[in-house]
Each structure stands twice: as structure tokens, then as C-alpha cells.
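**Student:** I'd like to ask you about the structure that follows.
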Amino acid sequence: MLLRIRDLDVTYRTAAGPLPAVRGVNLDVNAGQSVGLAGESGCGKSTLAATILRLQPPSARLSGSVLVDGEDVLTMRWGPLRALRWAGASMVFQGALHSLNPVRRIGQQIAEPIRLHEPSVSGAEAARRVGELLEQVGLPASRAATYPHQLSGGQRQRVMIAMALACRPRLVIADEPTTALDVMVQAQVLTLLRDLVRDLDIGLLLISHDLSVLSSTCDRVAVMYAGRIVEEGAASQVFKDPRHPYAAALAGAFPLIGDLAARFGPAGLPGDPPDPRHLPTGCSFHPRCPVAMPSCAETDPPAVPAGPGRTAACLLVGDPEREPA
Ligand code: ADP
Ligand code: MG
């Protein structure tokens, strides 16, 4: 197992009190596998992603374990952590335009992590690897000589992916990598990520609030709500036949991938996710849930099996009398 997260809690200390952003999360990613993380804004996706490289601010309190290749990132010393951030796992962020240095050629920027991490690599060898990386992400090697402003948004995002691959990581975490791109370019970048996972045998954790992005790219998906994973399973099943009412509502908001007769209609859900500092009692989703029962305000449901290779955290799941048809 490349990535194995168990019982992870991440709580930010804030002036207005503790803010539990990630609560009791379990998640696995294998080599050669793409796992998607879905959920509305504020549900804890970016916090979970940052924790894998221990990139969250010092105000965060962590418990549980985050094993990358069997080593717990949460208790790792600085040396191994630094090595992990270079070569074990890497991150692709949203907004490539802003993370590239406008006054340096992109070839220099892609070469930088290689030269820092592997000081024995010669200039010529680094340049050769840059060319190879550019070709891997579908850009001509000659683009190494250009500046960021000479590239389109989609090309800049490819450069970001090339940088993430520069030190040959085994795990790539991509947080909303295509959100700023138009739909056609988005599809190309997603195809690229999917091909890289297959060809390089890397594990990919892909975060998006857009279910169509996840369903076209991922093998498995986890749906987060208020810091918890409320449903997890094969991507093809979770969105076509969601078991948790929140996953059903999300799928219903993307009618092209959900069942057209989506249970709660394509209008989506009223309201917003709760402020983690003031979580509702019981199931955090119950105030917005179209099928909530009185007991949902009392019991915070654990994740239970919801079919082969699937789990869901809902009192209705596993109860044949009440389960929604
Ligand atoms: P998502 O990526 O799903 O939108 P985030 O992980 O960014 O969710 O945020 C989860 C919760 O944690 C939100 O309530 C957000 O306001 C809060 N949060 C995120 N980063 C910080 C931080 N550095 N300090 C305090 N609260 C934070
Ligand atoms: Mg986010």
C-alpha cells in the first residue's frame, strides 16, 4: 500500500475555538491507482491533502497515522520528511499561473527540484530530463526555453505536472488541478494524469468538487462532508448508485454522470456545509438531509459496509426496512 491513512484527525486552533477540519478519516491509495476526493468547499479536502506532506500550518493539531510506503508522515523526522517531499510524494496545486515564476524560463524551473535534490546531476543531464518531462506531459522539449506568459493556461498546468514529476515521486496529490481551466483543456489534462498513473505506476489522489472530473479519471472515490468520509467505493458505483444521501445529492447536482432520475433532483442541496466549529449533533449532514430521521440528530453514524468494496456512514445504510430504494 502506497498511502494508508488511519483515524486521521486534523484540528486547527483558531481565535474562535478549535476547528476540526478532518475527523476520523481512513483512506488508501495503491500504486497505479487514482483515488478521487469529492465534497463541497470547506469539507476538509485540502486539509487532508496537505497533511499527507505535513504542509499544514503550525496551528494544526494532528492525530492518527498517515503512512506513505509504510512510514508515518506524522511522526517523521525532518530529514526523511524532506526526502519524502522531494521524491516520495508531490503536489499539483490549482492556479498554475500564479505558482510559476514569470521571469524564469520554464526549463530552469522544472530543473530546479532535480538539481537541488540530486546535486550530482550535471547541467546537461538535467536539461535532458527536463526535455523528457515536457514530452511526458505532452509539450515539445523546445518549450523549455519559453517563459510562463508565452504558454496557455492548459500548457502551464502541464508544466506544473512536469515539475511535480521531476523527482520521480511515487504518489502525486493534485488539489483541484483543472478548476481554472476551460472544459476542453481540462479533459486533456485529466487524460494526461490518467495516462501517467498507468504508465509510471504512480498513485494519484485527485481532489475536485466536480464529480465529472473524478468520474472520468478515478478508479475509486471518497466523498467528504464536514471533515468525514461519508461514502467510499468504486467511482463507477458511487456516482451512479450512491448510498449516502449526501453522495446522492452531489451526484444529482451533476445530472450527466448521476442517474438521470437522481433521487433528489438536479437542483442540489439547499444551504451550506456546517461551520466545523459548530457541528450539528449526531450526523453532521442531518439538517440538510432529505431523508433524515429523528435518530439522525442523536447518532453520528460510523462507516459500515454498503456493498462489495464500499462503505457509507449513514443510519439508513444496512437497514433494509428504511434504506431508500
Ligand atoms: P476544502 O478543501 O474541502 O474546501 P479545507 O480543507 O480548505 O476544505 O477547509 C476545511 C475547514 O478548515 C474549513 O472550515 C476551513 O475554513 C478551515 N481551514 C482551512 N485552513 C485553515 C487554517 N489554516 N486555519 C484555520 N482554519 C482553516
Ligand atoms: Mg480545497
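The values are calculated or read from the model by the stated rules, or taken from the named source; none is laboratory data. All values derive from a computational prediction rather than experimental measurement. Methodologically, a virtual Cβ is constructed for each residue, glycine included, from the backbone with ideal geometry; neighbour enumeration extends over all protein chains shown. These area figures cover heavy atoms from the full protein model, side chains too; ligands, DNA and RNA do not enter into them. Shrake-Rupley method; radii C 1.70, N 1.55, O 1.52, S 1.80 Å.
**Student:** Need pairs with beta-carbon distance below 7 Å; first residue assigned by TED's automatic domain parsing to the domain that holds residue 247 and of a type in the set (Asp, Glu) and within the range 27-40, second near ligand 1 (Cβ under 9 Å from one of its atoms) and not in a strand (DSSP E or B); sequence gap 6+ or separate chains.
**Tutor:** Between residues of the range 27-40 that are assigned by TED's automatic domain parsing to the domain that holds residue 247 and of a type in the set (Asp, Glu) and residues that are near ligand 1 (Cβ under 9 Å from one of its atoms) and not in a strand (DSSP E or B), the close pairs are 40/209; 40/273.
**Student:** Let me ask something else. Being touching a residue at least 60 places away in the same chain (Cβ under 8 Å) and part of a helix (DSSP H, G or I) is the filter; apply it to the range 275-292 and report the residue that is nearest to residue 220 (Cα to Cα).
**Tutor:** Step by step, filter the range 275-292, then rank; the result is 276.
**Student:** How many residues does the range 208-245 hold that are under 13 Å from residue 36 (Cβ atoms) and either away from ligand 1 (no atom under 16 Å from the Cβ) or at pLDDT 95 or above (or both)?
**Tutor:** 21
**Student:** What's the total number of residues in the range 159-182 that are part of a helix (DSSP H, G or I) and within 13 Å of residue 210 (Cβ to Cβ)?
**Tutor:** Total meeting the criteria: 0.
**Student:** Condition first: open to solvent by 10 Å² or more (accessible area, probe 1.4 Å) and under 25 Å from residue 151 (Cα atoms). Now tell me which residues in the range 170-189 satisfy that.
**Tutor:** 175, 176, 179, 180, 181, 182, 183, 184, 185, 186, 187, 188 - these are the residues of the range 170-189 that are open to solvent by 10 Å² or more (accessible area, probe 1.4 Å) and under 25 Å from residue 151 (Cα atoms).
**Student:** When you scan the range 16-66, how many residues do you find that are out of contact with any helix residue (DSSP H, G or I) (no Cβ under 7 Å at 6 or more places or on another chain), under 27 Å from residue 288 (Cβ atoms) and assigned to a loop (DSSP other than H, G, I, E, B)?
**Tutor:** Going through the range 16-66 one residue at a time, the tally reaches 5.
**Student:** Applying the selection to the range 116-141, what residues are over 20 Å from residue 87 (Cβ atoms) and not in a helix (DSSP H, G or I)?
**Tutor:** Result: 138, 139, 140.
**Student:** Between a first residue in the range 293-305 that is more than 12 Å from residue 230 (Cβ to Cβ) and part of a helix (DSSP H, G or I) and a second residue that is of a type in the set (A, V, I, L, M) and open to solvent by 40 Å² or more (accessible area, probe 1.4 Å), which pairs have beta carbons less than 7 Å apart while being 6 or more apart in sequence or on different chains?
**Tutor:** 295/315; 296/315
**Student:** Next question, about the same structure. Looking at the range 123-144, can you tell me whether even one residue there is without any contact (Cβ under 8 Å) to a residue 60 or more places away in the chain, within 16 Å of ligand 2 (Cβ to nearest atom) and either crowded, with 16+ Cβ neighbours inside 10 Å or not assigned by TED's automatic domain parsing to the domain that holds residue 223 (or both)?
**Tutor:** No: zero hits.
**Student:** Cβ contacts < 9 Å: first residue open to solvent by 10 Å² or more (accessible area, probe 1.4 Å), restricted to the range 194-214; second residue within 13 Å of ligand 2 (Cβ to nearest atom) and not in a loop (DSSP other than H, G, I, E, B), any location; separation 6+ or different chain. Result?
**Tutor:** 209/38; 209/45; 210/38
**Student:** Then there is this: In this structure, is residue 50 farther than 30 Å from residue 251 by Cα, open to solvent by less than 50 Å² (accessible area, probe 1.4 Å) and within 16 Å of ligand 2 (Cβ to nearest atom)? Explain how you work it out, then say what you get.
**Tutor:** Values: farther than 30 Å from residue 251 by Cα: no; open to solvent by less than 50 Å² (accessible area, probe 1.4 Å): yes; within 16 Å of ligand 2 (Cβ to nearest atom): yes.
Considered against the rule, which asks whether it is farther than 30 Å from residue 251 by Cα, open to solvent by less than 50 Å² (accessible area, probe 1.4 Å) and within 16 Å of ligand 2 (Cβ to nearest atom), residue 50 comes out as no.
**Student:** Within the range 46-76, track down each residue that is closer than 17 Å to residue 303 by Cβ and near ligand 1 (Cβ under 8 Å from one of its atoms).
**Tutor:** Listed by number, the list holds a single entry, 48.
**Student:** Looking at the range 190-218, which of its residues are more than 16 Å from ligand 2 (Cβ to nearest atom), assigned to a loop (DSSP other than H, G, I, E, B) and either under 11 Å from the mean Cα position of the chain (by Cα) or among the β-branched types (Val, Ile, Thr) (or both)?
**Tutor:** 202, 218 - these are the residues of the range 190-218 that are more than 16 Å from ligand 2 (Cβ to nearest atom), assigned to a loop (DSSP other than H, G, I, E, B) and either under 11 Å from the mean Cα position of the chain (by Cα) or among the β-branched types (Val, Ile, Thr) (or both).
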